[in-house]
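The structure under discussion appears below in the form of structure tokens.
The values are calculated or read from the model by the stated rules, or taken from the named source; none is laboratory data. Everything numeric in this text was worked out from a predicted model, so none of it was measured. With ideal geometry, Cβ positions are generated from the backbone for all residues, glycine too; neighbour counts draw on all protein chains shown. The area values use the complete protein model at the heavy-atom level, side chains included, leaving out ligands, DNA and RNA. Shrake-Rupley method; radii C 1.70, N 1.55, O 1.52, S 1.80 Å.
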Amino acid sequence: MECFPTCATPTTGAGPLLFTSALQFFAASQCILAEGSVPTPDIQNFEKFDFIIVGAGTAGSVLANRLSAIPEWNILLIEAGDDAPMEANIPAFNTALQQTKYDWGYLTSNNGITNGANINGSINWPRGKMIGGSSNINAMIYVQGNDQDYQNWVDLGNPEWSVKEVRRCFKKAESYQNMDMLKNPKIKNHYGVNGPLVINTFNSTQRKETSRILSAWNDIGIKNVPDLNVANMLGSGILTGTAANGERESHSKAYLLPILHRKNLKVMKNSLVTKLLINNTTNTVYGVEVENESNTYTFIAENEVILSAGAINSPQLLMLSGIGPKEHLYSKDIPVIVDSPMVGQNLQDHLIIPITIYGDGAKQSNIIDQQFDAIRYLYNRTGYLAQLSAADVLAFFSDSPNAKYPKFQSHIILTEQNKPTLNSFLKNNYRYKNEIVNQITELNKNHTLYLYLFNLLHPYSRGNISLSSNNPHDYPIINPNYFSDHRDLEAAATGIKKLTKVVNTAAFKEINGFLGRIEWPPCDSYEFDSRDYWKCICIEMVVTIYHPVGTCQMGPDPKTSVVDSRLRVHGVQKLRVIDASVMPTTISGNTNAAAGVVAERGAELLLEDYNEL
Ligand SMILES: Cc1cc2nc3c(=O)[nH]c(=O)nc-3n(C[C@H](O)[C@H](O)[C@H](O)COP(=O)(O)OP(=O)(O)OC[C@H]3O[C@@H](n4cnc5c(N)ncnc54)[C@H](O)[C@@H]3O)c2cc1C
């Protein structure tokens with residue numbers, strides 16, 4: 001049988017050799033793309049450690065590094081998820097891990113008020129479930145926040161978190177890599193260059209379009225700045241990312257993987273902590289209960305247990321262990337050890353409202369070009385796979401031009417004409433109903449979609465996390481309570497009205513830009529682009545930019561906070577929470593860098609308490 005009748009006679013020259021080595025290269029590059037694997041440790045039931053850290057996410061990775069730097073301390077780090085897969089490392093796949101085994105896959109509860117345009121009135125709340133946690137599933141946007149954010153924490157009775165200390169910790173964490181930008185003395189002075197966390201700007205294949213976006217922002221008064229962090233999150237510009245050389249920089253890659261050789265650190269993955277062990281006569285925590293495959297283990301912490309399970313799971317674990325609002329614990333048949341009314345309360349998130357602006361623009365590249373781009377990525381980490389799936393520009397603004405504190409933020413998702421993945425993105429990631437999805441994809445057939453994601457930086461509304469049962473496998477109930485405070489709705493309408501002005505700028509006129517009306521029955525009677533129209537869209541279509549914080553907030557008073565300023569849990573001994581949940585108020589922008597800094601500073605406070613600093 002002739003398999004390839006048209007194939008030229010195979011050569012015995014250099015050609016086949018070259019092809020073979022190319023094939024080997026591509027096969028090997030898939031393996032080296034993943035960030036690395038954590039070996040399974042040799043571990044015994046009832047083994048004793050000095051510190052046990054629950055959760056190897058952003059904060060847990062930092063803590064494992066800083067605490068295991070003390071050679072006399074034995075550290076156990078426990079993570080519910082597996083190693084991060086290859087996709088986590090490739091920037092353009094930043095949404096690809098949602099709703100896989102690497103995502104906890106949470107949904108918000110249907111409150112019957114918001115989210116009429118979303119399937120079953122609820123939205124996705126993804127959270128990383130893997131080594132690196134949410135730092136391996138996030139969009140890599142590196143935002144430090146505004147000085148006032150940290151001053152707010154001090155004003156709430158947390159003296160350890162002064163702007164000066166927090167800024168020092170950012171520098172300690174950072175390894176800023178953009179040599180061109182470092183020629184600017186303000187940028188050089190602002191960032192750290194010797195820390196573990198590599199940050200840089202992305203190379204963008206969309207610079208023509210992102211320049212247009214920047215120019216439009218500039219024209220409506222959101223002035224372009226060379227660097228958003230240096231500008232204290234005021235203005236618009238190209239963002240910095242936890243990425244460099246075409247790869248993601250997760251907190252696990254920066255802090256954890258390089259120290260796996262330390263003899264005093266054990267890391268257990270695929271292991272769910274189900275409960276804290278507490279001596280209820282002394283209210284002292286002495287260990288944790290853990291499920292690994294079908295086995296249950298007990299591990300003892302001689303000094304402390306540190307919860308770094310994130311803003312949903314840290315309060316969940318406290319409540320499962322008897323620390324929380326007493327009536328709620330009684331209702332789930334959980335014996336109350338400490339009545340701590342704020343556990344799971346004070347939930348703050350950055351909501352987003354999608355604003356659809358269309359214009360002439362590039363078509364989606366064809367499949368052959370995309371495949372070549374994939375090869376280019378494997379060879380030298382360039383091309384579209386090396387950049388995040390959203391556009392690499394941001395705007396931070398307020399309702400008055402001279403404001404020193406931003407109220408609003410805008411991200412952009414740039415969607416070329418007729419993009420095949422738009423439909424599934426809107427349906428699966430945002431859970432919009434077909435009527436909404438179809439309108440947007442229909443207009444995208446012949447227009448580029450500039451999807452502006454408007455977000456409110458400092459909401460007044462507060463949600464909460466509560467238990468659905470006393471079973472640690474049952475997901476907690478997430479109630480974000482968006483727009484429950486009317487001031488948020490008014491502020492959002494003001495911010496959106498300001499943002500939609502971009503459509504009248506020269507940059508958008510040049511491409512026949514127009515604002516797309518989303519037809520949705522509850523909003524149809526309102527005049528398009530009026531405040532009332534936008535308020536209606538806010539209520540019906542609000543989704544998340546994935547920044548829950550505040551559910552174990554720090555503060556001096558056990559009635560109004562969960563941990564003190566040194567992150568020790570009120571009412572119990574030998575227990576801290578160190579992760580995004582302790583932020584008493586949210587920050588001006590994306591929360592990953594700040595969660596890492598909470599852990600940097602939290603580690604310092606802990607070391608001070610043991611005279612190790
Ligand atoms: C989709 C998405 C996009 C985002 N984009 C950005 C962005 O671009 N920029 C930005 O600044 N921020 C972004 N964020 C937010 C940012 O990533 C988080 O604020 C930050 O990672 C929180 O860190 P953390 O340590 O508190 O929690 P996490 O990083 O979530 O870590 C918690 C860890 O604890 C583990 N865990 C939980 N419960 C248990 C248990 N019972 N037993 C054992 N282990 C457990 C989890 O599996 C996880 O690994 C995004 C988040 C998401 C989900």
Exercise. Consider residue 239 against the criteria (1) modelled with pLDDT of 95 or more; (2) farther than 30 Å from residue 223 by Cβ: it satisfies all of them except one. Which criterion is unmet?
Worked result: (2)
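Which ranges mark the strands (runs of 3 or more DSSP E) fully within segment 220-309 that have 3 or more residues being within 15 Å of the ligand (Cβ to nearest atom) and not assigned by TED's automatic domain parsing to the domain that holds residue 495? Walk me through it before giving the result.
Values: elements: 235-238, 265-268, 271-279, 284-292, 295-307.
Because the criterion is at least 3 residues that are within 15 Å of the ligand (Cβ to nearest atom) and not assigned by TED's automatic domain parsing to the domain that holds residue 495, the strands (runs of 3 or more DSSP E) in segment 220-309 that meet it are 265-268, 271-279, 284-292, 295-307.
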Exercise. Can you tell me how many residues in segment 408-442 are over 25 Å from residue 105 (Cβ atoms) and buried (at least 20 other Cβ atoms within 10 Å of the Cβ)?
Worked result: 5
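Right, residue 182: more than 16 Å from the ligand (Cβ to nearest atom), part of a helix (DSSP H, G or I) and outside the structural domain of residue 406 (by TED's automatic domain parsing) or not? Break it down into steps so the answer makes sense when it comes.
Working: more than 16 Å from the ligand (Cβ to nearest atom): yes; part of a helix (DSSP H, G or I): yes; outside the structural domain of residue 406 (by TED's automatic domain parsing): yes.
Here the answer is yes, as residue 182 does meet what is asked.
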Seminar exercise, completed: Only unsatisfied item for residue 336, checking (1) in contact (Cβ under 8 Å) with a residue 40 or more places away in the chain; (2) of a type in the set (Val, Ile, Thr); (3) more than 15 Å from the ligand (Cβ to nearest atom), is (1)
For this session: Residue by residue through segment 242-285, note down the ones that are buried (at least 22 other Cβ atoms within 10 Å of the Cβ) and within 15 Å of residue 175 (Cβ to Cβ).
Result: 242, 243, 248, 249, 250, 251, 253, 254, 255
For this session: Check whether at least one residue in segment 508-524 is in a loop (DSSP other than H, G, I, E, B), among the aromatic types (Phe, Trp, Tyr) and crowded, with 16+ Cβ neighbours inside 10 Å, and report yes or no.
Result: yes
Problem set entry | In segment 541-568, the residues that are in contact with a Phe, Trp or Tyr (Cβ under 8 Å, 6 or more places away or on another chain) and either under 14 Å from residue 315 (Cα atoms) or surrounded by fewer than 22 Cβ atoms within 10 Å (Cβ to Cβ) (or both) | 544, 546, 548, 554, 565
Exercise. Name the residues in segment 382-400 that are open to solvent by 40 Å² or more (accessible area, probe 1.4 Å) and either within 16 Å of the ligand (Cβ to nearest atom) or under 29 Å from residue 34 (Cβ atoms) (or both), would you?
Worked result: 382, 384, 389
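Would you check which residues across segment 179-220 are polar (S, T, N, Q), in contact (Cβ under 8 Å) with a residue 60 or more places away in the chain and open to solvent by 20 Å² or more (accessible area, probe 1.4 Å) and list them? Walk me through how you get there before you give the answer.
Narrowing segment 179-220 to residues polar (S, T, N, Q): 184, 189, 194, 200-201, 203-206, 210-211, 215, 218.
Cutting the leftovers down to in contact (Cβ under 8 Å) with a residue 60 or more places away in the chain gives us 201, 203-206, 210, 215.
The answer is 201, 203, 204, 205, 206, 215.
If you scan segment 59-74, which residues turn out to be polar (S, T, N, Q) and near the ligand (Cβ under 10 Å from one of its atoms)? So that I can check it myself, show each step before the final result.
Here is the first cut: in segment 59-74, the residues polar (S, T, N, Q) are 61, 65, 68, 74.
Scanning segment 59-74 gives a single hit, 61.
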Exercise. Any residue at all in segment 484-497 that is assigned to a loop (DSSP other than H, G, I, E, B), over 22 Å from residue 112 (Cα atoms) and either more than 27 Å from the chain's Cα centre (by Cα) or among the basic types (Lys, Arg) (or both)?
Worked result: no
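When you go through 587, 478 one by one, which is the residue that is closer than 28 Å to residue 328 by Cα, of a type in the set (A, V, I, L, M, F, W, C), outside any helix (DSSP H, G or I) and within 16 Å of the ligand (Cβ to nearest atom)?
On the way: 587 fails: closer than 28 Å to residue 328 by Cα.
Step by step, each of 587, 478 is checked, and only 478 is closer than 28 Å to residue 328 by Cα, of a type in the set (A, V, I, L, M, F, W, C), outside any helix (DSSP H, G or I) and within 16 Å of the ligand (Cβ to nearest atom).
Residue-by-condition table, conditions (1) without any contact (Cβ under 8 Å) to a residue 24 or more places away in the chain; (2) in a strand (DSSP E or B); (3) within 11 Å of the ligand (Cβ to nearest atom); (4) farther than 25 Å from residue 377 by Cα:
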site: 76; (1), (2), (3), (4): no, yes, no, yes
site: 80; (1), (2), (3), (4): no, no, yes, yes
site: 84; (1), (2), (3), (4): no, no, yes, no
site: 88; (1), (2), (3), (4): no, no, no, no
site: 92; (1), (2), (3), (4): no, no, no, no
site: 96; (1), (2), (3), (4): yes, no, yes, no
site: 109; (1), (2), (3), (4): no, no, no, yes
site: 112; (1), (2), (3), (4): yes, no, no, yes
site: 115; (1), (2), (3), (4): no, no, no, yes
Seminar exercise, completed: If we ask which residues in segment 6-63 are open to solvent by 20 Å² or more (accessible area, probe 1.4 Å) and either modelled with pLDDT of 65 or more or part of a helix (DSSP H, G or I) (or both), their number turns out to be 33
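Kindly indicate which of 571, 589 is on the phi > 0 side of the Ramachandran plot and surrounded by 15 or more Cβ atoms within 10 Å (Cβ to Cβ). Step through it out loud before you land on a result.
Values: 571 fails: surrounded by 15 or more Cβ atoms within 10 Å (Cβ to Cβ).
Only one candidate qualifies: 589.
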For this session: Could you tell me which residue of segment 386-443 is farthest from the chain's Cα centre (by Cα), considering only residues that are closer than 24 Å to residue 208 by Cα, assigned to a loop (DSSP other than H, G, I, E, B) and among the aliphatic types (A, V, I, L, M)?
Result: 391
For this session: Keeping to segment 468-512, report how many residues are within 29 Å of residue 357 (Cβ to Cβ) and either among the β-branched types (Val, Ile, Thr) or in contact with a Cys (Cβ under 9 Å, 6 or more places away or on another chain) (or both).
Result: 13
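Could you identify the single residue in 337, 357 that is outside the structural domain of residue 416 (by TED's automatic domain parsing) and surrounded by 19 or more Cβ atoms within 10 Å (Cβ to Cβ)?
Details: 357 fails: outside the structural domain of residue 416 (by TED's automatic domain parsing).
Result of the check over 337, 357: 337.
Could you check how many residues of segment 463-474 are over 16 Å from residue 545 (Cβ atoms) and surrounded by 17 or more Cβ atoms within 10 Å (Cβ to Cβ)? Before you say what the answer is, go through the steps one by one.
Pass one, segment 463-474, residues over 16 Å from residue 545 (Cβ atoms): 464-474.
In the following step, the residues that additionally are surrounded by 17 or more Cβ atoms within 10 Å (Cβ to Cβ) were identified as 464-467, 472.
Count: 5.
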For this session: Given the conditions (1) part of a loop (DSSP other than H, G, I, E, B); (2) open to solvent by 10 Å² or more (accessible area, probe 1.4 Å); (3) touching a Phe, Trp or Tyr at 6+ places or on another chain (Cβ under 9 Å), report the number of the one that residue 375 does not fulfil.
Result: (1)
Exercise. Taking the condition in a helix (DSSP H, G or I) and open to solvent by 10 Å² or more (accessible area, probe 1.4 Å), does residue 72 pass?
Worked result: no
